[in-house]
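Read through the structure below, which is laid out as C-alpha cells, and then see the notes.
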Amino acid sequence: YADICYDPNQSKVVITYQKDSARGKGIVGNVSGSGSSATVTFGTEVDINSAGNSRNTACVYDESASRVVIAWENSADSQKLYARTATVSGTTITMSGSLTEISAGSSGQDCYTTMTYVGSPYNKSVVAYKGNSGWLCRALSVSGDTITGYTQQSIYPYTSWSYGNVVWDSSVSRLVFFYQRSQHSNAAG
C-alpha cells in the first residue's frame with residue numbers, strides 16, 4: 001500500500017503509505033550523496049486524510065499544477081477512491097487541497113491504486129484502480145488545489161484481477177496498463 005514519486009521543483013521524493021489502522025501518511029525524503037554512500041533524510045510524516053482510513057495510496061507529481069496529487073481508497077466511505085493535492089517545501093509536505101471523491105461511487109473492495117502523469121500537450125494526472133465493475137481509470141485535471149475528474153473509463157471489465165500499474169509512454173503518446181488476471185492463473189494482461 002505504498003507509492004513514491006519525485007518532485008523536480010524541490011528535488012525531493014514523496015512517499016505515501018499506510019501506516020496503521022488504514023491511516024495513510026505522506027513523507028518527503030531528501031537524497032544526498034551517490035552510489036553506496038547515498039543517504040535519505042526524511043521530514044515529518046503527515047496524515048493524508050485527517051480522519052484516517054486512507055489505504056492503497058498512490059502519488060504522482062503533476063507538472064502543470066506544480067502539485068503532488070495523492071489518491072487513496074477511503075475505507076470509511078464504502079472504499080471510494082479519493083484524491084487531494086499536496087505541496088512540498090524542503091522536507092515538509094503539506095496537504096493543501098480538499099478531499100475529492102474521484103471514483104464515481106463505491107468500489108466495495110481494495111482499489112489497488114496506481115498513478116502516472118501525462119505531459120504536454122495533455123497535462124493530466126491519470127489514476128487507475130480496481131472498482132466494482134473491473135479495472136478503471138480516470139484522467140484528472142489539477143488547477144491550483146482543485147481536482148476535476150474526467151469520465152471514468154474501463155480498462156478491463158472483470159473484477160478478478162489483483163494488482164496493476166499504469167505508465168505514460170511519451171514516445172507513442174499512449175497510456176500502458178499492466179494487470180494480473182487472477183481468473184487466468186494470474187497471467188499478466
- request: Calculate, in nm to one decimal, what residue 39 and residue 91 gain on full extension: separation in residues at 0.36 nm each, minus their alpha carbon distance.
  value: 17.3 nm
- request: Could you give the size of the charge dipole of the chain about its Cα centre, using +1 on the Cβ of each K and R and -1 on the Cβ of each D and E, expressed in debye and rounded to the nearest 20?
  value: 220
message: Run the numbers for residue 32 and residue 154: contour at 0.36 nm per residue of separation, minus the present Cα-Cα distance, in nm.
response: 39.8 nm
Surface/4 estimate of mean projected area, convex hull on alpha-carbon atoms of the chain, nm²: 11.5
statement: Whole-percent carbon and sulfur contribution to the accessible surface of segment 1-155 (1.4 Å, no ligands, DNA or RNA) stands at 43
Simple spin-label estimate for residue 145 and residue 101 in nanometres, 7 Å along Cα-Cβ: 2.1
Computed over the chain: relative contact order in percent, which uses C-alpha pairs under 8 Å that are six or more apart: 14
message: Suppose the chain between residue 78 and residue 66 were pulled fully straight at 0.36 nm per residue; how much longer would it get relative to their current alpha carbon spacing?
response: 1.3 nm
- prompt: So, in nm, how far is label residue 6 from label residue 169 when the simple model puts each one 7 Å beyond its Cα toward the Cβ?
  reply: 2.1
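The values are calculated or read from the model by the stated rules, or taken from the named source; none is laboratory data. These figures come from a predicted structure and were not determined experimentally. Quick reminder, even Gly has a Cβ in these numbers, built from the backbone with ideal geometry, and neighbours come from all protein chains shown. Heavy atoms of the whole protein, side chains included, go into the accessibility calculation; ligands, DNA and RNA do not. Shrake-Rupley method; radii C 1.70, N 1.55, O 1.52, S 1.80 Å.
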